[in-house]
Amino acid sequence: MSAEPPLFATYRPASFCRDFVDFHRDSGQLLVFMACVLGFKPLMDDWIPAWRMEEYRQLCRSYGLHVRADVTKILIPRERAEARAMGGTTLSSTVAVGLPVGAGFPERARANVRTHVFLSRDRDLLRHGMWYPVIVKDRVLWPPYADILTYGRLLGYPDCCIRFFRQRNDWSRFSFLAEIHRESRGAPRHWLCNPLTKDRTYSYIYHMPCRWDCPATRKLAGRLRSEVALREPELVRQVDRHLRLPALVFYERKHFVFDGTLQGNRLTYRKVYYPDGDLTGQALLPRLARGDALELEGDTVRVFRDGELVDRIQARSEGFAPEHPFLIQFDRD
Ligand SMILES: [Zn+2]
């Protein structure tokens with residue numbers, strides 16, 4: 001009997017959608033792509049190297065998906081945007097300079113030139129664009145709120161979850177995950193509603209649920225799971241394994257997943273993983289890795305090794321994207 005693969009490893013399917021993973025050399029969006037191919041998700045977006053557009057188009061066509069190129073961008077370090085634009089620190093993960101699709105670019109920049117694309121089985125849906133925050137004349141402009149709601153539906157999110165997103169997804173005031181957690185007080189934590197591994201392959205959902213027991217999310221995730229199980233059963237086994245792991249959440253872009261067990265307020269662990277990009281989280285990883293247990297008290301995480309307190313980590317609960325830490329394990333079927 002072979003050992004389990006490492007957690008959060010890139011997943012390469014036996015056959016179904018294997019070429020999508022080979023194209024990206026990464027499986028981060030594999031289940032989103034499968035959801036689109038199988039008809040659960042009306043629309044998805046992706047970033048691809050501009051010079052590989054034709055190859056990508058053919059790959060998508062073989063799965064019955066249409067592709068629309070939206071904009072071509074040269075990726076830049078986010079510090080450059082933060083330094084130059086008003087509101088630059090509020091930008092999300094990807095920061096880039098926009099070019100018209102088909103614009104020429106210097107050969108030496110090729111590796112950093114990406115085209116943003118939308119995919120759908122329904123060609124008509126591709127007429128809808130989608131906004132990201134953009135910098136115009138050194139100021140960050142956010143998309144109109146009404147558009148965000150429409151896109152939520154096009155992206156296949158349940159209405160109850162869009163409603164909740166609309167009320168509480170305000171990074172200047174709330175930690176959205178902590179708001180979901182608060183809303184779910186006393187409710188069971190269904191692993192099908194776990195959004196914490198969604199950007200790293202291992203999740204059946206691609207939205208934030210309104211609660212940890214949201215019936216619409218469970219139904220949607222359960223249906224996708226059944227269809228994927230028919231085509232790629234090993235992937236389902238691996239996703240199920242990831243969704244049940246305990247986690248320490250600081251805010252939406254900073255949470256840790258553990259190979260361990262959560263009991264009450266104490267998490268004991270063998271290994272810690274960081275599936276996010278926030279750099280302050282990256283710096284915490286070795287500090288957590290030194291321990292084998294942790295406890296959360298208010299906004300303070302206490303780290304233990306062999307029963308001895310070895311570190312204290314203080315969450316930053318003030319300012320933009322405030323941290324309201326909590327521990328969670330999704331353990332209900
Ligand atoms: Zn919901």
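The values are calculated or read from the model by the stated rules, or taken from the named source; none is laboratory data. None of these values were measured; they are calculated from a predicted model. For neighbour counting, all protein chains shown are included, and Cβ atoms are generated from backbone atoms with ideal geometry for every residue, glycine included.
Exactly one condition in (1) away from the ligand (no atom under 11 Å from the Cβ); (2) touching a residue at least 40 places away in the same chain (Cβ under 8 Å); (3) in a helix (DSSP H, G or I) is not met by residue 204; state its number. Checking residue 204 against (1) away from the ligand (no atom under 11 Å from the Cβ); (2) touching a residue at least 40 places away in the same chain (Cβ under 8 Å); (3) in a helix (DSSP H, G or I), the one that fails is (3). Residue under question is residue 275, and the condition is that it be surrounded by fewer than 15 Cβ atoms within 10 Å (Cβ to Cβ) and either closer than 19 Å to residue 324 by Cα or modelled with pLDDT of 95 or more (or both); does it hold? It is false that residue 275 is surrounded by fewer than 15 Cβ atoms within 10 Å (Cβ to Cβ) and either closer than 19 Å to residue 324 by Cα or modelled with pLDDT of 95 or more (or both). Scanning segment 252-271 for residues that are in contact with a Gly (Cβ under 8 Å, 6 or more places away or on another chain) and part of a strand (DSSP E or B) yields 254, 255, 256, 267, 268, 269, 270, 271.
Being out of contact with any helix residue (DSSP H, G or I) (no Cβ under 7 Å at 6 or more places or on another chain) and at pLDDT 90 or above holds for only one residue in 205, 180, and it is 180. Answer yes if at least one residue in segment 235-250 is small (Gly, Ala, Ser) and within 18 Å of the chain's Cα centre (by Cα), and no otherwise. Yes.
Within segment 216-225, is even one residue within 14 Å of the ligand (Cβ to nearest atom), assigned to a loop (DSSP other than H, G, I, E, B), charged (D, E, K, R) and in contact (Cβ under 8 Å) with a residue 12 or more places away in the chain? No, segment 216-225 has no match at all.
Results for (1) within 20 Å of residue 222 (Cα to Cα); (2) modelled with pLDDT of 95 or more; (3) surrounded by fewer than 14 Cβ atoms within 10 Å (Cβ to Cβ), shown as yes or no for each residue.
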{"position": "2", "(1), (2), (3)": "no, no, yes"}
{"position": "13", "(1), (2), (3)": "yes, yes, no"}
{"position": "20", "(1), (2), (3)": "no, yes, no"}
{"position": "24", "(1), (2), (3)": "no, yes, no"}
{"position": "38", "(1), (2), (3)": "yes, yes, no"}
{"position": "45", "(1), (2), (3)": "no, no, no"}
{"position": "64", "(1), (2), (3)": "no, yes, yes"}
{"position": "74", "(1), (2), (3)": "no, no, no"}
{"position": "82", "(1), (2), (3)": "no, no, no"}
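Of the residues that make up segment 235-252, is at least one surrounded by 21 or more Cβ atoms within 10 Å (Cβ to Cβ), more than 25 Å from residue 323 (Cα to Cα), of a type outside the set (Lys, Arg) and within 13 Å of the ligand (Cβ to nearest atom)? The answer is no, given that none of the residues of segment 235-252 is surrounded by 21 or more Cβ atoms within 10 Å (Cβ to Cβ), more than 25 Å from residue 323 (Cα to Cα), of a type outside the set (Lys, Arg) and within 13 Å of the ligand (Cβ to nearest atom).
I'd like the full set of residues that are touching a residue at least 24 places away in the same chain (Cβ under 8 Å), out of contact with any Asp or Glu (no Cβ under 7 Å at 6 or more places or on another chain) and within 15 Å of the ligand (Cβ to nearest atom), limited to segment 165-197. Once the filter is applied, which keeps residues that are touching a residue at least 24 places away in the same chain (Cβ under 8 Å), out of contact with any Asp or Glu (no Cβ under 7 Å at 6 or more places or on another chain) and within 15 Å of the ligand (Cβ to nearest atom), segment 165-197 yields 165, 169, 180, 181, 183, 192, 194.
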